[in-house]
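The values are calculated or read from the model by the stated rules, or taken from the named source; none is laboratory data. Here the structure is a predicted model, which means the values were calculated and not measured. Here Cβ is always computed from backbone atoms with ideal geometry, including for glycine, and neighbour counts include all displayed protein chains.
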Amino acid sequence: MNAIESTMSTTRTASPPDGLPAYRILTGKDDAAFCHRVSEAVALGYVLYGAPAATFNGTDVIVAQALVWPSLAQSIAA
């Protein structure tokens, strides 16, 4: 087991912490704050789901990233 697998196995529980949903989509302006939000969700144990999306609202690039809790990801793959 490598370091990533070890970290993943210790953070996996049946459901997300603090009543968070199993599926989340984060959206926002494409900036460091958005990247930190995605990184924080991954650090909690979420996994990225699908490709990120981006659009332009006339002023800023707006991005979106879906994340799922590992138990949901396993049931989707099954």
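Please indicate, with yes or no, whether at least one residue in the range 55-77 is assigned to a helix (DSSP H, G or I), modelled with pLDDT of 90 or more and of a type outside the set (S, T, N, Q). Checking the range 55-77: at least one residue is assigned to a helix (DSSP H, G or I), modelled with pLDDT of 90 or more and of a type outside the set (S, T, N, Q).
Looking only at the range 32-53, count every residue that is surrounded by 12 or more Cβ atoms within 10 Å (Cβ to Cβ) and either more than 27 Å from T13 (Cβ to Cβ) or not basic (K, R) (or both) and tell me the total. If you could, list the steps in order and put the result at the bottom.
Here is the first cut: in the range 32-53, the residues surrounded by 12 or more Cβ atoms within 10 Å (Cβ to Cβ) are 34-35, 37-38, 41-42, 44-49, 52-53.
From what's left, either more than 27 Å from T13 (Cβ to Cβ) or not basic (K, R) (or both): 34-35, 38, 41-42, 44-49, 52-53.
Qualifying residue count for the region: 13.
Residue count for the range 10-24 satisfying the condition of being exposed (fewer than 11 other Cβ atoms within 10 Å of the Cβ) and at pLDDT 90 or above: 3. Of the residues making up the range 54-75, those that are in contact (Cβ under 8 Å) with a residue 12 or more places away in the chain and either more than 17 Å from D18 (Cβ to Cβ) or crowded, with 16+ Cβ neighbours inside 10 Å (or both) number 14.
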